[in-house]
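Here is the structure we will look at, set down as structure tokens.
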């Protein structure tokens, strides 16, 4: 009976699969962080829009109220600018994580193609060896009957 196929770089392939899984988890974390930051920035935009609309609410506005309104508006604008910068950073991190995932997947696929080719060659050699043995047995059997 023929022995089974054994790929000499199987441990390396397992390691590459593990790296790809880790990269996939990093992409998931980066995507979650990006979405959370997007939600925060959207919330600040809506708060700023509501605040801008509140000035024209029709109520009597004093000078102190106007000062407080301006200070709050400036703070919302600063918070929104900070949130948008953070969102850009999260976007860059997400892009980098995706690129890393693509590179690791490429490395894994390369080894898997190598493994598939070696396995195909192994089975072809095994089939040839089996065919030779079968031909030799048939030759011996029929050659012996002819004598």
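Give, as ranges by residue number, the residues of region 10-27 whose backbone N falls under 18 Å from the point 7 Å along Cα→Cβ of residue 126.
Within reach of a label on residue 126: 10.
Using just the helices of the chain, give the 222 nm mean residue ellipticity in deg cm²/dmol: DSSP H runs with n ≥ 4 each add -39,500 (n - 2.57), and the total is spread over all residues, rounded to 500.
On the way: 2 runs with 129 residues, N = 147.
That comes out to -33500 deg cm²/dmol.
Considering only C-alpha atoms, what is the centroid distance from region 106-137 to region 3-62, in Å?
44
Would you kindly calculate the mean projected area, averaged across all directions, of the convex hull enclosing the Cα atoms of the chain, in square nanometres?
14.3
Calculate how steeply helix 63-146 sits against the longest principal axis of the alpha-carbon atoms of the chain, using the helix alpha-carbon long axis, and give the answer as 0 to 90 degrees to the nearest 10.
Helix 63-146 sits at roughly 0 degrees to that axis.
Could you work out the relative contact order of the chain? I mean the mean sequence separation of Cα pairs under 8 Å and 6+ apart, divided by the number of residues, in percent.
46
Could you tell me, in Å, what Rg and Dmax come out for the Cα atoms of region 64-147?
36.0, 123
Is any residue of region 1-34 close enough, with backbone N under 20 Å, to a label point placed 7 angstrom from the Cα of residue 137 along the Cα-Cβ axis, and if so, which?
Counting only backbone N, you get 1-4.
Here, each number is a calculation from the coordinates, and none is a lab measurement. Just so we're clear, the structure is a prediction, and the values are computed from it rather than from any experiment. Virtual Cβ from ideal backbone geometry, glycine too; neighbours counted across all protein chains shown.
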